[in-house]
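Student: Starting off with a structure, shown below.
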Amino acid sequence: MESTIVRNLQPEFSPVAVVWSNTIPDNALQFKKGKFGCILYLFAEAARRGKVAGGNRESITCNGGRAALGLGVDFDASDELLDRYAAVFSKGLKSASNQEAYRAQMEASPKNWHSLFEYGERRHCDAELAKEWILNGLPRYDIPYEYVIFKPLNRTTPDENIRAVIFPLNPVELAGLVTLAGSVMSGTDPVQVPQGADCNRITAFAYAQAELSTPRAILGMLGIDGREVMRKRFRDDTLTLTLPAPLYHRMEQEAKDCVFQTPSWKNLKGE
């Protein structure tokens, strides 16, 4: 699908559409069933290599990845799970209400996960705030589709069920796209910067914004763990701006007569 935004922005990396579907192409990249994988890898393959990638409830074994994609949330399926994830999202072992049980889980996990369990992700200063985020902050979806697909925007068609478009951007590209987003909405806050993992920032939070009368863009690749995952795939100055589908279409209509046509923008881009 041709994009006026892309034609004018000329980003280095391909924007990636998030598609809900009941089928997935035979040649699409998926994790092997039962093998752990971060969904950020799937997004990166679409953005950097032009691949179609995705998964369903069986191939995405990461609880956080499934929650981010909208394939159900089970962080609070039991009090034990809620305590464990609240500890992981805050200060790890020192935040666990049952440190003996938590340590046993840590020691049973792969060795490269031990430091994560021990120190936690530190996205919350204590377990109670982490629980509040799990219960009330994380957008919760269990979508009526089997697959969520990451697909280069230029490989999509208008009839596909596109829910959001993710732009990996350098600071100059980000400045242009944020300016365009702000130009089509009232107020002074066109971008949401939610607390959460980067997988949530490119999917679940965008789904939630799409339901609002004035959806905002979502700024991402701000998590320490997410940046560590993506470091071999993008430069350190790369961020993501995810546009919920309604906002993307509104910006598409404006992109032919916006900041991209100004002399200042052309000077920044070296045109």
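Student: For segment 3-20, list residues with backbone N below 12 Å from a point placed 7 Å from the Cα of residue 191 toward its Cβ?
Tutor: No residue qualifies, since no backbone N sits under 12 Å from the label point.
Student: At what distance in nm do the modelled label points of residue 21 and residue 107 sit from each other, each positioned 7 Å from its Cα along Cα→Cβ?
Tutor: Placing both labels 7 Å beyond Cα along the Cβ direction yields 4.6 nm.
Student: So for segment 149-271, taking the charge dipole from beta-carbon charges (+1 Lys/Arg, -1 Asp/Glu), which of 218, 170, 190 sits furthest toward the positive end?
Tutor: Towards the positive end, the residue furthest out is 170.
Student: In debye, nearest 20, what is the charge dipole magnitude of segment 1-155 about its Cα centre with +1 on Lys and Arg Cβ and -1 on Asp and Glu Cβ, if you could check?
Tutor: 680
Student: Mind checking which of 69, 180, 116 has the largest fluctuation in a GNM of the chain, springs on alpha carbons under 10 Å?
Tutor: Top of the fluctuation ranking is 116.
Student: Can I ask one more? Quick one: plug the Kirkwood hydrodynamic radius of segment 149-193 (C-alpha pairs) into Stokes-Einstein at 10 °C, 1.306 mPa s, and report D in µm²/s.
Tutor: For the chosen part, D equals 126 µm²/s.
Student: If you don't mind, there's one more thing I want to ask. Over 14 Å, how big is the tail of the calculated P(r) for segment 34-73, in percent of all Cα pairs?
Tutor: Above the 14 Å cut-off, segment 34-73 has 41 percent of its Cα pairs.
Student: Any idea what log10 I(q)/I(0) is at q = 0.14 Å⁻¹ for the chain, Debye with uniform C-alpha scatterers and no solvent?
Tutor: Calculated log10 I(q)/I(0) at the listed q: -0.98.
Student: Largest first, how would 214, 240 line up by accessible area (1.4 Å probe)?
Tutor: Greatest to least solvent exposure: 214, 240.
Student: I'd like to verify something in the chain: which complete DSSP H helices, judged by Cα projection on the helix axis, reach 27 Å or more and average at least 0.5 on the Kyte-Doolittle scale?
Tutor: Taking the DSSP H segments of the chain (at least 27 Å long, mean hydropathy at least 0.5), we get none.
Student: Oh, and also: To the nearest 20 debye, what charge dipole does the chain have about its Cα centre, counting +1 at the Cβ of each Lys and Arg and -1 at the Cβ of each Asp and Glu?
Tutor: Around 780 debye, computed over the chain.
Student: To the nearest 20 debye, what charge dipole does segment 1-54 have about its Cα centre, counting +1 at the Cβ of each Lys and Arg and -1 at the Cβ of each Asp and Glu?
Tutor: For segment 1-54, the charge dipole is close to 260 debye.
Student: Report the residues of segment 100-128 in range of a label on residue 224: point 7 Å along Cα→C-beta, backbone N strictly under 18 Å from it.
Tutor: Of the residues in segment 100-128, 112-128 have backbone N under 18 Å from the label point off residue 224.
Student: Can you pull the accessible area of residue 48 for me, 1.4 Å probe, Å² to the nearest 10?
Tutor: It works out to around 100 Å².
Student: Out of the GluC sites (Glu not before Pro) in segment 210-267, which ones are loop residues according to DSSP with at most 12 other C-beta atoms within 10 Å?
Tutor: In loop regions of segment 210-267 (DSSP not H, G, I, E or B), the sparsely surrounded GluC sites (Glu not before Pro) are 211.
Student: Using a 1.4 angstrom probe with every protein chain in place, what is the largest-first accessible-area order of 91, 131?
Tutor: Final ranking, largest accessible area leading: 91, 131.
The values are calculated or read from the model by the stated rules, or taken from the named source; none is laboratory data. Because the structure is a prediction, the values reported are computed rather than measured. So basically every Cβ, Gly included, is an ideal-geometry build from the backbone, and we count neighbours across all protein chains shown. Areas reflect the complete protein model, heavy atoms only, side chains present, ligands, DNA and RNA absent. Shrake-Rupley method; radii C 1.70, N 1.55, O 1.52, S 1.80 Å.
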